[in-house]
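Structure first, then comments.
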Amino acid sequence: MMSSSQPIVTLTTDFGYSDHYVSTMKAVMLSINPQVQLVDVSHSIAAGDIISGSWVLSNAAFYFPPGTVHLAVVDPGVGSTRKGIIAQVNDQIFVGPDNGLFSLPFAKRDVKGYFIENPDYTREHISNTFHGRDIFAPVAAYASKGIRPEQFGPQAGKLETYKLPMPIVDQEGIEGTIIHIDAYGNLITNITKNDLTGISGRQVKIFVGNTIMDKVVNTFSDVEEGDPAALIGSSDMLEIAVNQQSAEEVLSARKGDPVSIVFKK
């Protein structure tokens, strides 16, 4: 489903900005569709961090207009037997490697996926190490021109997926983990807003490393500068922040570290 307005392709990669990779992909797309509007979601995903790429993309993709094409390349298996895919989810199109990168935007949604096999829509010479340029960028550009997903190759069977670890919720409390750290050093956990519905009015202790908090606040400024805060972020997940500082640095926290909420008796 294509929008009648100017076509949009978003880009999410772990390429960074010090090399030519992002601009080369944009050059390929603009040579195929000079009318396309290119929007950078992020190029600062940690190298090879598929789950972080999936998290960032899932939090942005569905705010874009109908017909937007989302090109995502976090691809440590480039050149291997992993396949490339193009998929339609609701009114959005996704293009990239079938390596679990789309796990979160595809989760609990109707996905119509196709393997990219039609050479008419890729570059003639395909590098073993830069499928972003030679496969995914041209496919995204042609998709932005209205080429339907099923024209790129056969329907995909089971796609590669990762599942985020689920928090453990019981009468004693909630045991979660840090699943993402944003550019400000805020610690995003896998504990959702819904998981916390039962703690209203209850006394709690929230443990992150050697730091203890005793409540969930509304926003960063509800605590003093330099103090830690537990709050529900814009993605409806529990976040741990430090007002005006990086929680990652102040709390010496890392992705995968536990976050515990204990109900006081």
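The values are calculated or read from the model by the stated rules, or taken from the named source; none is laboratory data. Just so we're clear, the structure is a prediction, and the values are computed from it rather than from any experiment. Every residue, glycine among them, receives a Cβ derived from its backbone with ideal geometry; neighbour counts consider all protein chains shown.
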For the stretch 32-56, enumerate the residues that are surrounded by fewer than 16 Cβ atoms within 10 Å (Cβ to Cβ), over 16 Å from the mean Cα position of the chain (by Cα) and not in a loop (DSSP other than H, G, I, E, B). Q37
Those residues that are farther than 21 Å from Q171 by Cα, out of contact with any Leu (no Cβ under 6 Å at 6 or more places or on another chain) and part of a strand (DSSP E or B), I need them from the stretch 240-265; list them, please. A241, V242, Q245
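In this structure, is V217 assigned by TED's automatic domain parsing to the domain that holds L38, touching a strand residue (DSSP E or B) at 6+ places or on another chain (Cβ under 6 Å) and surrounded by 15 or more Cβ atoms within 10 Å (Cβ to Cβ)? Talk me through it step by step, then tell me what you get.
Values: assigned by TED's automatic domain parsing to the domain that holds L38: no; touching a strand residue (DSSP E or B) at 6+ places or on another chain (Cβ under 6 Å): yes; surrounded by 15 or more Cβ atoms within 10 Å (Cβ to Cβ): yes.
For V217, the condition - assigned by TED's automatic domain parsing to the domain that holds L38, touching a strand residue (DSSP E or B) at 6+ places or on another chain (Cβ under 6 Å) and surrounded by 15 or more Cβ atoms within 10 Å (Cβ to Cβ) - is not met.
Take the residues in the stretch 249-265 that are basic (K, R) and closer than 15 Å to D182 by Cβ, then tell me which one is nearest to the chain's Cα centre (by Cα).
Of the stretch 249-265, the ones basic (K, R) are 254-255, 264-265.
Adding the requirement that they be closer than 15 Å to D182 by Cβ leaves 254-255.
Details: R254: 18, K255: 15 Å.
Among those residues, the one meeting the criterion is K255.
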Is one or more of the residues making up the stretch 144-159 within 21 Å of the chain's Cα centre (by Cα) and either β-branched (V, I, T) or modelled with pLDDT under 95 (or both)? yes
Go through (1) more than 30 Å from N33 (Cβ to Cβ); (2) in contact with a helix residue (DSSP H, G or I) (Cβ under 6 Å, 6 or more places away or on another chain) for A141 and report which single condition fails. (1)
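For residues that are among the polar types (S, T, N, Q) and part of a loop (DSSP other than H, G, I, E, B), tally how many sit in the stretch 181-226. Please lay out each step first, then the result.
From the stretch 181-226, those among the polar types (S, T, N, Q) are 186, 189-190, 192, 194, 197, 200, 203, 210-211, 218-219, 221; that's our starting set.
In the following step, the residues that additionally are part of a loop (DSSP other than H, G, I, E, B) were identified as 186, 200, 203, 210, 218-219.
Looking only at that region, the number is 6.
What number of residues in the stretch 197-214 are surrounded by 15 or more Cβ atoms within 10 Å (Cβ to Cβ) and within 21 Å of D257 (Cα to Cα)?
Here is the first cut: in the stretch 197-214, the residues surrounded by 15 or more Cβ atoms within 10 Å (Cβ to Cβ) are 199, 204, 206-209, 211, 213.
When the remaining residues are screened for being within 21 Å of D257 (Cα to Cα), the result is 204, 206-209, 211, 213.
Looking only at that region, the number is 7.
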Failed criterion for A107 (all others in (1) surrounded by fewer than 22 Cβ atoms within 10 Å (Cβ to Cβ); (2) modelled with pLDDT of 95 or more hold): (2)
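Before we move on, is H131 under 13 Å from the mean Cα position of the chain (by Cα) and either crowded, with 19+ Cβ neighbours inside 10 Å or under 30 Å from Y184 (Cβ atoms) (or both)? It would help to see each step written out before you state the result.
Numbers: under 13 Å from the mean Cα position of the chain (by Cα): no; either crowded, with 19+ Cβ neighbours inside 10 Å or under 30 Å from Y184 (Cβ atoms) (or both): yes.
For H131, the condition - under 13 Å from the mean Cα position of the chain (by Cα) and either crowded, with 19+ Cβ neighbours inside 10 Å or under 30 Å from Y184 (Cβ atoms) (or both) - is not met.
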Counting only residues that are more than 16 Å from S52 (Cβ to Cβ) and surrounded by fewer than 18 Cβ atoms within 10 Å (Cβ to Cβ), how many does the stretch 232-242 have? 3
Looking at S52, S58, which one is among the hydroxyl-bearing types (S, T, Y), at pLDDT below 95 and under 28 Å from G256 (Cβ atoms)? S52
Can you name every residue in the stretch 5-23 that is over 18 Å from the mean Cα position of the chain (by Cα), surrounded by 13 or more Cβ atoms within 10 Å (Cβ to Cβ) and within 20 Å of G77 (Cβ to Cβ)? Y21
For the stretch 246-265, pairs from a residue that is farther than 28 Å from T197 by Cβ to a residue that is in a strand (DSSP E or B), with Cβ under 6 Å and 6 or more apart or across chains, are V250/V242
Name the pairs whose Cβ atoms lie under 9 Å apart, with the first residue in the stretch 212-236 and in contact (Cβ under 8 Å) with a residue 24 or more places away in the chain, the second in a loop (DSSP other than H, G, I, E, B) and among the basic types (K, R), and 6 or more positions between them or separate chains? A230/K215; I232/K193; D236/K193
